[in-house]
Amino acid sequence: YTTLFRSANSEKTLIFVPSIKSLMATLEEIQQPIADKVRRYETFITEILHSDSGYVSSICNYILANRGKQMRPLLVLLSAALHGEIGTRSYLGASLVEMLHTASLIHDDVVDEAFVRRGAPSVNALWRSHTAVLIGDYIFARTYHVCMEQGGDDMLSEATRSVHEMSEGELTQTELSESLRMTRELYLDIIYKKTASLLAACGAIGAISVNATPEQIKAMRDFGTNLGIAFQIKDDILDFSPMEVTGKPMCGDMRERKITLPLLYVLENSSEAEHGKLIGKLSDIRQRPANVDYLARTVRERGGLEHAATVMTQYRDKALTSLENYPESPVRESMRRVADFVL
């Protein structure tokens, strides 16, 4: 286990995360009930992104070789297996959500001028921003086109709704980072749109792909929603950890003047004078980088991380309630393990 956070006096361990080796073993266990379907999916998505252009294929092959843990397509396939037999429509749904997510990350890297993605050079680092934008568009349009061709209109409706919600969430957060106003209601709305909406679509699309009932589709959408909120809160907690743990500068969100749950909790529980001081520090953070240390220390000392971890666990538990009406099975157990793995 790797220590993720310590208190100011470096004596009290607050949160632990498993080592990479144990995380990957757990992921293999999650996939086990549908391992053959996961392998088939890998072939399926490679075929979808094939292009007669050697240049386009070389970029797509690089992207496919440098994907992350692929939790989103896995959630689609598990949701499908929970309600029926995984088939072509399920593979279509899984590829749709994964490629939507991948295209959005490529575009994010262009906007952020990020040159590393998951420890490897980003697409815009290797092929420049112009090509990165176009390949992101290509991936989105290609998977959309294939899904339309093969009768996936119902799944496209779920997926495209999440895209406009993701965009709206990012724009809202950008606006609020300028005005420095945030409430818990606004925060939850933003992280639902930014992160949870796509995971909600994953759960729903898996059920839709095997013709589940409306009640079952809703249960899977709720599962993804609550899991996605928990996942984003975890990410907001991780933002306060050292670069050695995450590979990113500590408090990157704060440096961009974004108010996430750990800081929001402290602001909610501050006097008017303290609140004004903290907002002042955040307002001036771009000109005075040392304010990051002050705010991060305040969040730790005032219980912001512990509170966020508690809320994160509550949303994980809410996600698990969506599985209560399903009989025990290896797939149901894998869905439960997905919730634990995400946290």
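The values are calculated or read from the model by the stated rules, or taken from the named source; none is laboratory data. Keep in mind that what you see is a predicted model, and the values were worked out from it rather than measured. Counting neighbours? That spans all protein chains shown, and the Cβs are built from the backbone with ideal geometry, glycine included. Quick note on the areas: whole protein, heavy atoms, side chains included, nothing else; ligands and nucleic acids left out. Shrake-Rupley method; radii C 1.70, N 1.55, O 1.52, S 1.80 Å.
Under a 1.4 angstrom probe, counting protein chains only, how are Asp154, Asp293, Asp109 ranked by accessible area, largest first?
Details: Asp154 65, Asp293 90, Asp109 10 Å².
Sorted by accessible area, descending: Asp293, Asp154, Asp109.
How much FRET efficiency would the formula 1/(1 + (r/R0)^6) give for Asn269 and Asp52, where r is the Cβ-Cβ distance and R0 is 51 Å, rounded to 0.05?
The pair Asn269/Asp52 has a calculated efficiency of 0.30.
With +1 on the Cβ of every Lys and Arg and -1 on the Cβ of every Asp and Glu, and nothing else charged, how large is the dipole of region 54-200 about its Cα centre, in debye rounded to the nearest 20?
Numbers: 13 positive and 18 negative charges, 102 e Å.
For region 54-200, the charge dipole is close to 500 debye.
For region 18-168, what's the radius of gyration and Dmax over Cα atoms, in angstrom?
Computed over the Cα atoms of region 18-168, radius of gyration and Dmax are 15.7, 43 Å.
Stretch Ser283-Asn66 to full length: gain in nm at 0.36 nm per residue minus the Cα-Cα span?
74.4 nm
Let me check the size of region 216-294 from its C-alpha atoms; what are the radius of gyration and Dmax in Å?
Answer for region 216-294, Rg first and Dmax second: 15.7, 51 Å.
With point charges of +1 on the Cβ of Lys and Arg and -1 on the Cβ of Asp and Glu, referenced to the Cα centre of region 113-210, which listed residue (Leu199, Ala132, Met182) lies farthest in the positive direction of the dipole?
Value computed over the given set: Ala132.
Check the straight Cα-Cα distances from Lys194 and name the lysines below 28 Å, setting aside those fewer than 8 residues away within the same chain.
Lys69, Lys218, Lys234, Lys248, Lys258, Lys281, Lys318
Go through region 80-86 residue by residue and turn each phi into a ³J(HN,Hα) via Karplus (6.51, -1.76, 1.60, θ = phi - 60°); whole Hz please, and just put x for glycine and proline.
The phi angles translate into 5, 5, 5, 10, x, 9, 5 Hz.
Above 18 angstrom, tally the Cα pairs of region 256-343 and express them as a % of all pairs, no decimals.
Working: 2145 of 3828 pairs.
Result for the distance tail: 56 percent.
For region 96-203, with equal point scatterers placed on the C-alpha atoms only and solvent neglected, what are the log10 I(q)/I(0) values from the Debye formula at q = 0.11, 0.13, 0.17, 0.20 1/Å, to two decimals?
Calculated log10 I(q)/I(0) at the listed q: -0.41, -0.56, -0.89, -1.09.
Connecting C-alpha atoms closer than 10 Å in a GNM of the chain, tell me which of Gln216, Gln314, Gln150 has the biggest fluctuation.
Gln150
Give, as a single signed number, the net charge of other residues whose beta carbon lies under 15 Å from the beta carbon of Ile59, with Lys and Arg counted +1 and Asp and Glu -1. The partial results should precede the final answer.
Working: positive: Arg67, Arg117, Arg128, Arg142; negative: Asp52, Asp109, Asp137.
Result for the local shell: +1.
Under 5 Å between amide H atoms, partner at least 5 residues away or on a different chain: which partners does Arg117 have, H built in plane at 1.01 Å?
Sorted by chain and number, the residues that satisfy this are Ser122.
Could you state the principal axis extents of the C-alpha atoms in the chain, from the largest down, to the nearest angstrom?
Principal-axis extents of the chain (Cα, largest first): 60, 49, 35 Å.
How big is the equivalent ellipsoid of region 185-343 along its three axes, where each semi-axis is √(5λ) from the Cα gyration tensor, reported in whole Å from largest to smallest? Please list the in-between numbers first.
Numbers: eigenvalues 254, 42, 37 Å².
The answer is 36, 14, 14 Å, longest axis first.
Once you put a point 7 Å from the Cα of Thr183 and another 7 Å from the Cα of Leu126, both along the Cβ direction, what distance in nm separates them?
Here the modelled spin labels are 4.6 nm apart.
Rank Glu158, Glu98, Glu170 by mean-square fluctuation in a GNM of the chain with C-alpha springs under 10 angstrom and give only the top-ranked residue.
Glu170
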